[in-house]
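Structure, as structure tokens:
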């Protein structure tokens with residue numbers, strides 16, 4: 001049961017060695033590491049090459065700078081293991097990470113084994129776990145999507161705390177957009193029967209200053225509009241209740257970001273583009289939204305009222 005660990009690397013020379021050391025120290029030994037150097041301009045590429053020479057399990061791929069989605073996709077294209085696991089190059093693992101997750105998979109009984117993680121920021125460390133405090137919990141794929149959409153913990157919409165059966169990602173790839181984890185995980189869950197969750201902090205997530213992938217500001221919020229729209233279109237009509245939930249979340253996000261986002265610091269051009277996209281989405285989906293009997297009347301009235309009072313002024 002081999003694991004392919006995919007590490008996208010870009011200008012992380014200050015943290016990369018600690019990341020790779022934590023991988024090398026895994027108690028579970030049957031793994032390969034795909035280090036995808038995404039056109040780094042610092043010494044990250046050389047550090048990757050050093051590890052490729054010292055340990056044959058570390059394979060180095062140098063590419064032009066195309067972003068984290070393309071780097072992860074390149075890793076997926078080259079993966080040969082039974083399972084895949086993502087690690088960001090400025091984060092690290094505890095020694096038992098892979099061992100715990102492989103055991104939780106129970107010989108392939110589950111499609112995905114996810115874990116809690118430790119958040120390390122300027123305020124110190126804190127564990128991000130689920131409640132109740134049971135050690136193992138099992139979730140359905142659609143249940144996980146609903147938890148994400150209803151404001152669930154970041155545990156559900158990050159790709160780096162999950163061991164994934166490789167058959168689920170034979171054709172699934174990251175899109176080159178903001179919030180790429182959210183869309184990838186949702187599409188992953190659509191094809192998942194059961195997810196086992198290990199309520200133990202097995203991943204160490206560092207909130208580094210200036211990391212674009214870890215931006216949780218309102219600028220990040222407006223970028224979820226195209227993600228939710230693409231997600232809505234990808235969910236089959238046979239899952240009507242899920243599509244309805246996504247559509248409600250999409251319309252709420254359209255309303256909030258269309259007039260609040262002007263205070264976020266994005267450029268006027270970005271703001272115009274965002275509002276144009278929102279208008280296009282509403283034009284295409286308004287009939288489905290207003291005619292859906294399962295969408296509460298208060299949601300429809302909220303949209304009509306707020307759009308009339310605020311949104312039109314922002315165009």
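The values are calculated or read from the model by the stated rules, or taken from the named source; none is laboratory data. What you are looking at is a predicted structure, and each value in this text was computed from that prediction instead of being measured. FYI the Cβ positions are ideal-geometry reconstructions off the backbone, even for glycines, and counts take in every protein chain you see.
Couple of notes before you dig in:
- Matching entry among 70, 104, 114 (being modelled with pLDDT of 95 or more, farther than 30 Å from residue 246 by Cα and either surrounded by 14 or more Cβ atoms within 10 Å (Cβ to Cβ) or touching a strand residue (DSSP E or B) at 6+ places or on another chain (Cβ under 9 Å) (or both)): 104
- Exactly one residue out of 22, 80, 89, 43 is modelled with pLDDT of 95 or more, in contact with a helix residue (DSSP H, G or I) (Cβ under 6 Å, 6 or more places away or on another chain) and over 24 Å from residue 182 (Cβ atoms): that is 43.
- Qualifying residues in the stretch 75-85 (those that are more than 21 Å from residue 195 (Cα to Cα) and in contact (Cβ under 8 Å) with a residue 40 or more places away in the chain) - the one surrounded by the most Cβ atoms within 10 Å (Cβ to Cβ): 75
- Subset of the stretch 29-42 [surrounded by 15 or more Cβ atoms within 10 Å (Cβ to Cβ) and over 25 Å from the mean Cα position of the chain (by Cα)]: none
- From the list 49, 88, the lone residue that is surrounded by fewer than 22 Cβ atoms within 10 Å (Cβ to Cβ) and assigned by TED's automatic domain parsing to the domain that holds residue 178 is 49.
- Taking the listed residues 312, 286, the one that is modelled with pLDDT of 90 or more, farther than 19 Å from residue 150 by Cβ and assigned to a helix (DSSP H, G or I) is 286, with no other qualifying.
- Close pairs from the stretch 293-306: first touching a residue at least 40 places away in the same chain (Cβ under 8 Å), partner in a loop (DSSP other than H, G, I, E, B) and surrounded by fewer than 10 Cβ atoms within 10 Å (Cβ to Cβ), Cβ under 8 Å, at least 6 apart: none
- Qualifying positions in the stretch 91-136 - under 16 Å from the mean Cα position of the chain (by Cα) and either assigned to a loop (DSSP other than H, G, I, E, B) or under 14 Å from residue 204 (Cβ atoms) (or both): 91, 115, 116, 117, 119, 128
- Residue among 196, 246, 164 that alone is crowded, with 20+ Cβ neighbours inside 10 Å, in the same structural domain as residue 78 (by TED's automatic domain parsing), more than 17 Å from residue 72 (Cβ to Cβ) and modelled with pLDDT of 90 or more: 196
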